[in-house]
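Undergrad: Structure incoming, see below.
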Amino acid sequence: MRLFSWIARRRASAFDMAETATPPATAIVEDSGLDGLYLGLAVQSHLAWKQRLRTVVREGRHDAVDVAELAADDLCALGQWLHGTARARYGHLPQFARLRKAHAEFHLTAAQVVLLSRQAQRAAAQALLRGAFDSLSDRVQLELVRLHSAARAQ
């Protein structure tokens, strides 16, 4: 299964949650990369963070999460790529602007989830995870695929 079809099926909820944890290995191998960013690995890393936040809220473990670092959109691999290579090469594309905005909002919302959890507002943190955070997560993945497609078309 190719990565783009996996993402499309995931967005359409055609899998159960256990199947969506990571993209299929064939999708990651087929990903030829885009100026230093491998789409499959970026999506896999993104999904791992979603799971980590769920664990933080569920188990109440916050010690290892630096909220300021989590809120920054330029410290993760995707953020470094967006603020560096991608900006120089694809900054003129509307898909780039949409991805960068969604990615920044994703990081701010993730930090808000941790803050709510630290303030013992687990129900609010869970609601944010299932609502705005999941929506932004899907949006980042979709915009990443759109940028990838637009960049390949250049």
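Undergrad: Would you kindly derive the ³J(HN,Hα) couplings of region 38-52 from the backbone phi angles with the Karplus curve 6.51 cos²θ - 1.76 cosθ + 1.60 (θ = phi - 60°), listing them in order in whole Hz, with x for Gly and Pro?
TA: So the J values, rounded to whole Hz, are 9, 4, x, 5, 5, 5, 4, 5, 4, 5, 5, 5, 4, 5, 4.
Undergrad: Using only Cα atoms, locate the centre of region 60-78 and the centre of region 107-150, then give the distance between them in Å, rounded to an integer.
TA: About 13 Å separates the Cα centre of region 60-78 from the one of region 107-150.
Undergrad: Still on this structure: Apply the Karplus curve 6.51 cos²θ - 1.76 cosθ + 1.60, θ = phi - 60°, to the phi angles in region 108-124 and return the couplings in whole Hz, x for Gly and Pro.
TA: Result, ordered by residue: 5, 5, 4, 5, 5, 4, 5, 4, 4, 5, 5, 8, 6, 9, 5, 5, 5 Hz.
Rule-based calculations on the coordinates, nothing more; no lab input. A quick note: this is a predicted structure, and the numbers were derived from the prediction, not measured.
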